[in-house]
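Everything on this sheet refers to the single structure shown next.
The values are calculated or read from the model by the stated rules, or taken from the named source; none is laboratory data. All figures in this text were calculated on a predicted structure; none of them were measured in a lab. Note: ideal-geometry Cβ built from the backbone for every residue, glycine included; neighbour counts use all protein chains shown. For the accessible areas, the whole protein counts, side chains as well, though only heavy atoms, and no ligand, DNA or RNA atoms are used. Shrake-Rupley method; radii C 1.70, N 1.55, O 1.52, S 1.80 Å.
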2 protein chains.
Amino acid sequence: MIKLSNLADYAVELMCCIALKPQDVHSSAGLSDLAHIPLPTVSKILGTLVRAGLLASHRGLNGGFSLARPADKISITHIIEAVDGPVQLTNCLGEEASDCDRESNCGTRSQWYRINEAVKDALGSVRLSQMIESVPDFIGDGAMDDLPLIAKTLN
Amino acid sequence: MIKLSNLADYAVELMCCIALKPQDVHSSAGLSDLAHIPLPTVSKILGTLVRAGLLASHRGLNGGFSLARPADKISITHIIEAVDGPVQLTNCLGEEASDCDRESNCGTRSQWYRINEAVKDALGSVRLSQMIESVPDFIGDGAMDDLPLIAKTLN
DNA sequence: TAGAAATCATACCAAATTGGTCATTTTAAA
DNA sequence: TTTAAAATGACCAATTTGGTATGATTTCTA
């Protein structure tokens, strides 16, 4: 199953919690309660997000975390890459062309590149501000009809 | 780092090797040599692909594997999902709405859905036949100079 | 101004997934 | 009947992931 790591998933969720009240300073403990994620794990993730420049931390009494920039300037890719590292579907796409003495499959590189870009676009096309707006009850049926348009870069 | 599993990566590569000579029956050992992947691993992956209906197996002497359908009827998604399971970026997207008694983040589901679909589209938009076309004789040296732009976004 | 409380930060440990190996059985062609 | 090949299942190692505990830092308050 292709999925994000739990930590990346958590990270997006925590960012959403913070973005809902952008003015407030949110403590790890408070966010842990709100999101039902173990406190130490929250701590670790928030620390990562601070180092990535997505959050600002305020130490000391009444300290906590707040967004480093407006929610519409933060994309899902930013959050995910901060936690999970870059989107790089295949080893082929790394810096070293590595062991590409393989026959028969290097025409695939340009295709892989396309696919990888498309995935990044998909992730990058949604901003944090969008994640928290408009919560239609989407469970069930047609609520998702006006959706994508994404993945248009291909073809 | 967001990446496919090695097995999925290998699977695509093996499928490419087979698709290059669609008439032939390819033995595990031959493919292992060709792709530089350990034989037992090749065996395991090919078995999975057979069960997924992407390959046909021929037992006995001079047996081996061949495509179960034309290369332009097989998408990368087919191969990847056969090995890694469905593309399901977040737990939220699974069948059971699970612990979505979480506050504040369920508006995110419809967004996650969009993102997930886009990723699937990206993977599904490339067919096996495209992966193997235009394979310039790249073995050797500068043959891959015109190859794109790769790893440009990575930094 | 000093101490204490609240909080961030980091180093450490355990468990689960993944990747890879081996040995056995089944099949079919020569 | 012998041989070469696939199919199957159990097994082991290692990386990664998730979680825990402890330590360091800042600010408030007395």
Let me spell it out: the conditions are (1) modelled with pLDDT of 90 or more; (2) in a helix (DSSP H, G or I); (3) open to solvent by less than 30 Å² (accessible area, probe 1.4 Å), and residue A:81 meets all of them except one. Which number is the exception?
(3)
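Output the residue which, of all residues in region A:3-15 that are open to solvent by less than 30 Å² (accessible area, probe 1.4 Å) and free of Cβ contacts under 8 Å to residues at least 60 places away in the same chain, is nearest to the chain's Cα centre (by Cα). Walk me through it before giving the result.
Within region A:3-15, the subset open to solvent by less than 30 Å² (accessible area, probe 1.4 Å) is A:4, A:8-9, A:11-15.
This time we only want the ones that are free of Cβ contacts under 8 Å to residues at least 60 places away in the same chain, so: A:9, A:13-14.
Details: A:9: 7, A:13: 9, A:14: 11 Å.
Selected residue: A:9.
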Just checking, does region A:32-48 include any residue being open to solvent by less than 60 Å² (accessible area, probe 1.4 Å), within 29 Å of residue B:4 (Cα to Cα) and not in a helix (DSSP H, G or I)?
yes
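Quickly run through region A:47-82 and pick out the residues that are of a type in the set (A, V, I, L, M, F, W, C) and without any contact (Cβ under 8 Å) to a residue 24 or more places away in the chain.
A:50, A:56, A:61, A:68
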Condition set facing another protein chain (nearest Cβ under 7 Å) and in a helix (DSSP H, G or I), scope region A:121-134, selection nearest to residue A:79 (Cα to Cα): answer is A:123
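I need a count of the residues in region A:30-45 that are in contact with a helix residue (DSSP H, G or I) (Cβ under 6 Å, 6 or more places away or on another chain), within 11 Å of DNA strand C (Cβ to nearest atom) and either charged (D, E, K, R) or in contact (Cβ under 8 Å) with a residue 12 or more places away in the chain (or both). Let's see the steps before the verdict.
Filtering region A:30-45 down to residues in contact with a helix residue (DSSP H, G or I) (Cβ under 6 Å, 6 or more places away or on another chain) leaves A:31-32, A:34-35, A:37, A:39, A:42-43, A:45.
Those still in the list that are within 11 Å of DNA strand C (Cβ to nearest atom) too: A:31-32, A:39, A:42-43, A:45.
From what's left, either charged (D, E, K, R) or in contact (Cβ under 8 Å) with a residue 12 or more places away in the chain (or both): A:31, A:42-43, A:45.
Adding up the residues that qualify gives 4.
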Among residues belonging to region A:16-29 that are open to solvent by less than 40 Å² (accessible area, probe 1.4 Å) and either within 14 Å of DNA strand C (Cβ to nearest atom) or in a loop (DSSP other than H, G, I, E, B) (or both), point out the one that is farthest from the other protein chains (Cβ to nearest Cβ).
A:28
Which one is surrounded by the most Cβ atoms within 10 Å (Cβ to Cβ) among residues in region B:49-78 that are within 14 Å of DNA strand C (Cβ to nearest atom) and either assigned to a loop (DSSP other than H, G, I, E, B) or within 14 Å of chain A (Cβ to nearest Cβ) (or both)?
B:63
